[in-house]
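Read through the structure below, which is laid out as structure tokens, and then see the notes.
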Amino acid sequence: MGYVDGSCVCPPMNLPGNTTVNLSYTTWMQHDQMILSWINGSLTASVLSTVASKHTSRATWEALEQRYASSSQNRILFLRNELLQTKKGDLSIADFLDKMNYISDNLALAGKPVEEDELVQIILNNLGPVFEMTVNAAQARDSPITYPTLESLFLTTERRMAEQTVQVIDTAPVNVYVAARGRVGRLRGTGRGAGPSNRGPSVNQRGFVSRNNNAHRQQSAASLRRSYSNQPSNSYGFISNHTESSAKWLLVT
């Protein structure tokens, strides 16, 4: 930490009275640049842009300290409330966890770090009802779930939910097609000419009245008996209807 807090001072670039590069300076710069790369590698893109102009680990750390490590009680309360109120909402699991870690890191810089088990519990409380079953499974564990395990668990759950959603979307057109065919089949039985007509009895191709129309058949038989009641009949119950060209026999039913 001597490079970061300034206790390890950079040696002069050249030895006194000599233009040769000081080997101690070269070694110090190599170590400092390695530490600087570690610091920059731990920052998000938005934070990194604020320290991109700094060339030493000490200068970068001072800039971060000035920006985020305010020890004021108001800032700590603000960050704490933001951590508790941040919900997943429409964020992906990865974006939600990054945001929670960002707030937690700011609290650590402000001197009030959040313990891992507390951060895990806050994350579980703020995931929302979509992940309720996974949250219950995580809380039912015999040992408290660690942050790396929690991150892996919910990333896997989110991926499986996305795959199931794609499967439902893929099968939806098939279900719509089957439902449409069922409606068309039912409509064919109720279309024009498909059902009984109110205009008269249904007649098949040979000219006989349909057996299903009993009421109309009985009405026709009664009408027929009235029409030929006064005509002579033979002993077999047939009514003779003689014309000049032909003789037709009608059976009285």
Review point. So what's Rg/Rh here for segment 1-68, counting alpha carbon atoms and using the Kirkwood radius for Rh?
Key: 1.06
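Subtract the Cα-Cα distance of THR146 and SER49 from 0.36 nm times their separation in residues, and report this length gain in nm to one decimal.
Full-extension gain reported as 31.8 nm.
Which FRET efficiency, nearest 0.05, do ASN81 and SER24 yield, Cβ-Cβ r, R0 51 Å?
0.60
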Exercise for review: Among the aspartates and glutamates, select those whose C-alpha is under 12 Å from the C-alpha of LYS88, and discard any that sit fewer than 8 residues away in the same chain.
Suggested key: ASP98
Review point. Where in segment 13-48 does the amide nitrogen come within less than 15 Å of the point 7 Å from the Cα of ALA94, taken along Cα to Cβ?
Key: 45
**Study point:** Segment VAL130-TRP38, length gained on full extension (0.36 nm per residue, minus Cα span)
**Key:** 29.4 nm
Check your understanding: Do any trypsin sites (Lys or Arg not before Pro) in segment 82-137 lie in a loop, going by DSSP, with at most 15 other beta-carbon atoms within 10 Å of their beta carbon, and if so which?
Key -> LYS87
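Since every read-out is calculated from the coordinates, none of them should be taken as a lab result. Keep in mind that what you see is a predicted model, and the values were worked out from it rather than measured. Backbone-built Cβ (ideal geometry, glycine too); neighbour counts: all protein chains shown.
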